[in-house]
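These notes concern the structure reproduced below.
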Amino acid sequence: MGLYDLALKTMFLIPPERIHGIINLGLKTLHSVPVVNRAMESAVRVKDPVLSQELLGTTFPAPLGLAAGFDKNAASIDAWGAVGFGYAELGTVTPKPQPGNPAPRLFRLPQDKAILNRMGFNNKGALEVAEGLKKRKSSDVVGINIGKNKTSTDAVADFRQGAAALGNLADYVAVNVSSPNTPGLRDLQAVAELRPLLVAVKEATDSPVLVKIAPDLADDDILQIADLAIELGLAGIIATNTTISREGLATDSDEVAAMGAGGISGDPLNERSLEVLKLVRKHVGDKLLIISVGGISTPERAWERITAGANLLQGYTPFIYGGLGWIHSVHTGLASQVRAHGLSNISEAVGSGLTWRNDAI
Ligand SMILES: Cc1cc2nc3c(=O)[nH]c(=O)nc-3n(C[C@H](O)[C@H](O)[C@H](O)COP(=O)(O)O)c2cc1C
């Protein structure tokens with residue numbers, strides 16, 4: 001067990017929300033000391049050319065990125081590459097700062113390797129996050145995830161504003177219409193609502209635009225969103241956000257009910273997230289890039305997503321439970337599978353259906 005992993009486990013004794021702030025602060029502090037940062041980078045980052053892909057007009061050095069919600073304010077923007085992520089999706093950022101929902105709003109379900117959250121887009125707002133993005137020192141790939149303010153009555157205007165303020169400062173823009181914790185947000189996934197919103201975002205930024213969808217949508221609705229994304233010239237789809245379903249949990253149902261409303265992430269999401277990936281890939285062919293996220297807690301699952309058609313991967317909850325060792329094991333696992341199958345780059349594995357080989361080294 002590495003030092004960071006030990007620290008993470010110790011921090012599980014601390015209330016869940018504080019741990020996130022502490023990790024962000026710790027990473028930011030470490031990163032501001034160049035010698036420590038370089039040492040961390042050489043110790044944990046997997047630099048393997050077989051994992052590097054040219055996508056969205058830039059070079060992703062490795063396929064696994066940090067999912068949105070962890071670094072909402074771009075506080076540790078230059079640290080994520082050093083700890084081993086191929087890229088980081090920052091946000092969700094709303095036009096105006098907002099406090100999010102009252103605490104407690106973040107719960108661990110260790111038996112399920114899951115998290116339940118109803119954070120509600122607590123963030124410092126687009127202007128302050130833009131200042132942070134302008135000061136970034138590294139050339140690490142970053143996406144910016146945008147949303148609407150809770151009290152806003154004009155969702156299109158909010159998304160346009162977010163895209164205009166932040167879009168060109170990032171390598172891609174993720175339109176978040178799928179978080180369960182902002183009233184009415186997920187209704188924006190209906191095509192009639194989504195169309196003007198995506199058009200506005202596309203007009204407001206030159207960066208590639210992706211839309212992030214909920215796992216709880218009906219399959220038909222997902223396919224309609226995929227068609228709309230193609231029609232409007234979007235770059236891709238991020239699947240999926242957290243689920244409002246409470247099915248199949250090992251945690252006692254009364255305990256879960258007592259936690260209240262919110263989205264579940266981590267292992268319980270694995271099956272549906274994979275299913276949505278397969279559904280979308282089958283429907284769109286190679287017309288869209290797909291970022292797969294939800295319960296990718298092992299290298300085997302990461303390989304399964306790639307071979308089912310994901311171009312890139314993300315994780316949040318597996319990072320909480322697995323720490324830096326998780327990032328490392330996913331990347332080394334993927335690289336060894338690429339070689340074991342006689343491929344020269346991970347992009348050749350995308351959608352290949354190739355199964356995990358236990359004899360890979
Ligand atoms: C505490 C928490 C906060 C999150 N906040 C956001 C957010 O602000 N925006 C967003 O698009 N997704 C957010 N997510 C969802 C994640 O980005 C991801 O889609 C989801 O957790 C499934 O991935 P995982 O199983 O790897 O955690 C959040 C997830 C968690 C656990």
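The values are calculated or read from the model by the stated rules, or taken from the named source; none is laboratory data. Keep in mind it's a predicted model, so treat the numbers as computed, not measured. Every residue, glycine among them, receives a Cβ derived from its backbone with ideal geometry; neighbour counts consider all protein chains shown. Calculation scope for accessible area: heavy atoms of the full protein, side chains included, ligands and nucleic acids excluded. Shrake-Rupley method; radii C 1.70, N 1.55, O 1.52, S 1.80 Å.
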- Query: Looking at segment 18-73, which of its residues are surrounded by fewer than 19 Cβ atoms within 10 Å (Cβ to Cβ) and under 17 Å from residue 332 (Cβ atoms)?
  - Reply: 41, 42, 43, 44, 47, 48, 49, 52
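Quick check on residue 170: is it farther than 27 Å from residue 220 by Cα, buried (at least 22 other Cβ atoms within 10 Å of the Cβ) and in contact with a Gly (Cβ under 9 Å, 6 or more places away or on another chain)? Write out each step before concluding.
Working: farther than 27 Å from residue 220 by Cα: yes; buried (at least 22 other Cβ atoms within 10 Å of the Cβ): yes; in contact with a Gly (Cβ under 9 Å, 6 or more places away or on another chain): yes.
So residue 170 passes the test.
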- All conditions in (1) over 26 Å from residue 212 (Cβ atoms); (2) open to solvent by less than 30 Å² (accessible area, probe 1.4 Å); (3) not in a helix (DSSP H, G or I) are true of residue 309 except (1)
- Task: Determine which member of the set 351, 325, 295 is assigned to a loop (DSSP other than H, G, I, E, B) and either within 27 Å of residue 26 (Cα to Cα) or within 16 Å of the ligand (Cβ to nearest atom) (or both).
- Result: 295
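Do we find that residue 257 is over 28 Å from residue 130 (Cβ atoms), open to solvent by 60 Å² or more (accessible area, probe 1.4 Å), modelled with pLDDT of 95 or more and of a type in the set (Gly, Ala, Ser) in this structure?
Details: over 28 Å from residue 130 (Cβ atoms): yes; open to solvent by 60 Å² or more (accessible area, probe 1.4 Å): yes; modelled with pLDDT of 95 or more: yes; of a type in the set (Gly, Ala, Ser): yes.
Spelling it out, residue 257 is indeed over 28 Å from residue 130 (Cβ atoms), open to solvent by 60 Å² or more (accessible area, probe 1.4 Å), modelled with pLDDT of 95 or more and of a type in the set (Gly, Ala, Ser).
Take segment 137-163 and flag every residue that is of a type in the set (Lys, Arg) and in contact with a helix residue (DSSP H, G or I) (Cβ under 8 Å, 6 or more places away or on another chain). Talk me through it step by step, then tell me what you get.
Here is the first cut: in segment 137-163, the residues of a type in the set (Lys, Arg) are 137, 148, 150, 160.
Across segment 137-163, the qualifying residues are 148, 160.
Taking the conditions exactly as written (within 16 Å of the ligand (Cβ to nearest atom), among the charged types (D, E, K, R) and either in contact (Cβ under 8 Å) with a residue 60 or more places away in the chain or open to solvent by 20 Å² or more (accessible area, probe 1.4 Å) (or both)), does residue 195 satisfy them or not?
Details: within 16 Å of the ligand (Cβ to nearest atom): no; among the charged types (D, E, K, R): yes; either in contact (Cβ under 8 Å) with a residue 60 or more places away in the chain or open to solvent by 20 Å² or more (accessible area, probe 1.4 Å) (or both): yes.
Answer is no for this residue.
Would you say residue 153 is open to solvent by less than 10 Å² (accessible area, probe 1.4 Å) and assigned to a loop (DSSP other than H, G, I, E, B)?
no
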- Note on the structure: Among 63, 49, 34, the single one that is more than 16 Å from the chain's Cα centre (by Cα) and at pLDDT 95 or above is 49
- Does segment 312-322 include one or more residues that are within 16 Å of the ligand (Cβ to nearest atom), touching a residue at least 60 places away in the same chain (Cβ under 8 Å), aromatic (Phe, Trp, Tyr) and touching a helix residue (DSSP H, G or I) at 6+ places or on another chain (Cβ under 7 Å)? yes
- Message: I'd like the full set of residues that are under 20 Å from residue 120 (Cβ atoms) and open to solvent by less than 10 Å² (accessible area, probe 1.4 Å), limited to segment 156-167.
- Response: 159, 162, 166
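Criterion first (under 30 Å from residue 14 (Cα atoms), surrounded by fewer than 21 Cβ atoms within 10 Å (Cβ to Cβ) and modelled with pLDDT under 95) does residue 102 satisfy it?
Numbers: under 30 Å from residue 14 (Cα atoms): yes; surrounded by fewer than 21 Cβ atoms within 10 Å (Cβ to Cβ): yes; modelled with pLDDT under 95: no.
For residue 102, the condition - under 30 Å from residue 14 (Cα atoms), surrounded by fewer than 21 Cβ atoms within 10 Å (Cβ to Cβ) and modelled with pLDDT under 95 - is not met.
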- Query: From the set of residues in segment 55-103 that are outside any loop (DSSP other than H, G, I, E, B) and more than 22 Å from residue 121 (Cα to Cα), which is farthest from the ligand (Cβ to nearest atom)?
  - Reply: 59
- Item | Any chance residue 340 is closer than 30 Å to residue 220 by Cβ and open to solvent by 10 Å² or more (accessible area, probe 1.4 Å) | no
- Message: Which of the numbered conditions does residue 183 fail, given that it passes all the others? Conditions: (1) in contact with a helix residue (DSSP H, G or I) (Cβ under 9 Å, 6 or more places away or on another chain); (2) part of a loop (DSSP other than H, G, I, E, B); (3) not polar (S, T, N, Q).
- Response: (1)
- Message: So, residue 232, is that one surrounded by fewer than 16 Cβ atoms within 10 Å (Cβ to Cβ), away from the ligand (no atom under 16 Å from the Cβ) and either modelled with pLDDT of 95 or more or farther than 24 Å from residue 75 by Cβ (or both) or not?
- Response: yes
